[in-house]
Amino acid sequence: MRKIIASVDIGSNFIKIVVGEFYKNRLHILAASQTPSLGINGGFVVDPKALISRLEEAFQKCENILGVKVTKVILSVPSDSSAFFISEGVCTITNEDHVVKNADVIHAMQASTYNRIDNDREIVFIRPTSYLVDDEKTPNPIGVEGEKLTVKCLIATVPRKNAYSLIKCLGQIGIEVIDFTVGGIGDYFEFQKEMMKDNVGIIINLGYSKTEISVFNKGLMTNNKTLDVGAKNIEQDISYVFKVPFKEAKTIKEQLCSAHTRKTSAAVKLTVTNKNGEKISVNEYEATEIAASRIEEILKIAKKEINLLTKKEIHYIMITGGISEMEGFSLILEEVFGRSAKIGVTNEIGARSNIYSTCVGLLKYYEDKERTRKQNYSMFDEDDIKDMCTINKKISFGENSILGKLFGYFFDN
């Protein structure tokens, strides 16, 4: 069976959806879309009706690309007020051979959560850290003979409110959430390298309204901090300094701003309308000065938080999020962190932007989770997959698109 999975990341600026297929252990992107958000702030629902309307639009975009409906997803939820702890679960080996099987590991992991999770919290991550079979330590218990399996697990939880308002909105448009976890997990799985699996490191996602800092130890998230600052603050600064409406500030940021003043010019200008209705000219250099100052501040705050989150030696710092793709970002990153920090690169064909890093990583996280459990799951049934692969499906091209003109040239003449 073909393994096709969908994920959604509902941010304050954009709703991102990615659908991908795993073939021979490689991810192939089938669809990726982004739709401007409404009704959400910092990952939390503030206007369900507005959000539901935008969710319908976002999933319709994916349906237009795929030719079939997306009805099941993995969801990224806010990591605010997350908690991490170690717990132990025990499972009796009851099969005839008294050999540990995959199902026994899952039962022991489930046992590690009994009476350990408050009613107002949900598990977003659970991973084994060590195994004992009849009190003998083993790196992999599968196939080992014994009477009792003990599994020590790292468990991460978030308040229920972080997930359930989003799940409810998705349910309103017929989308079932199969699994959910925090965005930092997705970012880790997107950028993970061999050396990251054996060391302590940091992943920083510079979002629109928030910045998330996640600590990983040997591939396991062990701590996390959410800062209420992001790309939105750049727009607020521009709006205040130039006395322009927020919409104009957004345009200035997108068209003029870099993350560093090097290679910017006062000769490059943009005309906008201020709050008094007057036309004013803003140049690239002065706009970038404002953006660079705010980005530097965000990075310095993140650097201080890292020292509070872990005292262990840090072997890598990976940066992602939309801001990380601004021109000159590597320059300001090196000024604040030195050469210890790198910009992550989301490089899958079809989703080559760090705005998709969480979504793409969630696909890899879920595939890894299912593979570990010896399961092969697809969010699309055989009929859906046949529809995706039907070559005589009607394709709609805009009359002004290059493809539309090509088809018109070849088939109308």
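The values are calculated or read from the model by the stated rules, or taken from the named source; none is laboratory data. Only a predicted model underlies this, so the values are computations on that prediction, with no experimental measurement involved. Cβ placement follows ideal geometry from the backbone for every residue including glycine, while neighbour counts extend to all protein chains displayed.
Every residue, every condition in (1) touching a Ser or Thr at 6+ places or on another chain (Cβ under 6 Å); (2) closer than 26 Å to Gly11 by Cα; (3) buried (at least 19 other Cβ atoms within 10 Å of the Cβ), yes or no:
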site	(1), (2), (3)
Leu309	no, yes, no
Ile319	no, yes, yes
Ile323	no, yes, yes
Ser330	no, yes, no
Gly338	no, no, no
Ala341	no, yes, yes
Val345	no, yes, no
Gly350	no, yes, no
Thr358	yes, yes, yes
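Quick check: anything in the range 76-89 in a helix (DSSP H, G or I) and at pLDDT 95 or above?
Initially, the range 76-89 is screened for residues in a helix (DSSP H, G or I), giving none.
No, the range 76-89 has no match at all.
In contact (Cβ under 8 Å) with a residue 60 or more places away in the chain and surrounded by 15 or more Cβ atoms within 10 Å (Cβ to Cβ): does that describe Ala163? Quick ask: steps written out before the conclusion?
On the way: in contact (Cβ under 8 Å) with a residue 60 or more places away in the chain: yes; surrounded by 15 or more Cβ atoms within 10 Å (Cβ to Cβ): yes.
Yes, satisfied.
Can you pull out every residue in the range 224-246 that is small (Gly, Ala, Ser) and either surrounded by fewer than 20 Cβ atoms within 10 Å (Cβ to Cβ) or within 23 Å of the chain's Cα centre (by Cα) (or both)? Steps first, answer last, please.
Looking only at the range 224-246, we keep the residues that are small (Gly, Ala, Ser), and these are 230-231, 239.
Scanning the range 224-246 gives Gly230, Ala231.
Would you pick out the residues in the range 277-294 that are of a type in the set (A, V, I, L, M, F, W, C), touching a Phe, Trp or Tyr at 6+ places or on another chain (Cβ under 9 Å) and part of a helix (DSSP H, G or I)?
Let us first name the residues in the range 277-294 that are of a type in the set (A, V, I, L, M, F, W, C), namely 280, 282, 287, 290-292.
Now drop any that are not touching a Phe, Trp or Tyr at 6+ places or on another chain (Cβ under 9 Å), which leaves 280, 282, 287, 290.
Within the range 277-294, Ala287, Ile290 meet the criteria.
Quick one: which residue in Ala267, Ala292 is surrounded by 22 or more Cβ atoms within 10 Å (Cβ to Cβ) and not basic (Lys, Arg)?
Values: Ala267 fails: surrounded by 22 or more Cβ atoms within 10 Å (Cβ to Cβ).
Just a single option satisfies the conditions, and that option is Ala292.
Taking the range 245-267 only, how many residues are at negative phi and assigned to a loop (DSSP other than H, G, I, E, B)?
Total meeting the criteria: 11.
Hey, does the range 36-51 have a residue that's assigned to a helix (DSSP H, G or I), touching a Pro at 6+ places or on another chain (Cβ under 8 Å), over 22 Å from Phe189 (Cβ atoms) and without any contact (Cβ under 8 Å) to a residue 60 or more places away in the chain? Talk me through it step by step, then tell me what you get.
So the first thing to find is which residues in the range 36-51 are assigned to a helix (DSSP H, G or I), and the list is 48-51.
Okay, now just the ones that are also touching a Pro at 6+ places or on another chain (Cβ under 8 Å), so none.
No, the conditions are met nowhere in the range 36-51.
Can you name the number of the only condition in (1) surrounded by fewer than 14 Cβ atoms within 10 Å (Cβ to Cβ); (2) closer than 22 Å to Tyr366 by Cα that Leu154 fails?
All conditions are met except number (1).
Here are Ser33, Ser112: which of them is hydroxyl-bearing (Ser, Thr, Tyr) and touching a helix residue (DSSP H, G or I) at 6+ places or on another chain (Cβ under 9 Å)? Can you show your working first?
Details: Ser112 fails: touching a helix residue (DSSP H, G or I) at 6+ places or on another chain (Cβ under 9 Å).
Every option except Ser33 fails the conditions.
Out of the range 206-220, which residues are under 21 Å from Gly42 (Cα atoms), over 13 Å from the mean Cα position of the chain (by Cα) and of a type in the set (A, V, I, L, M, F, W, C)?
Once the filter is applied, which keeps residues that are under 21 Å from Gly42 (Cα atoms), over 13 Å from the mean Cα position of the chain (by Cα) and of a type in the set (A, V, I, L, M, F, W, C), the range 206-220 yields only Val215.
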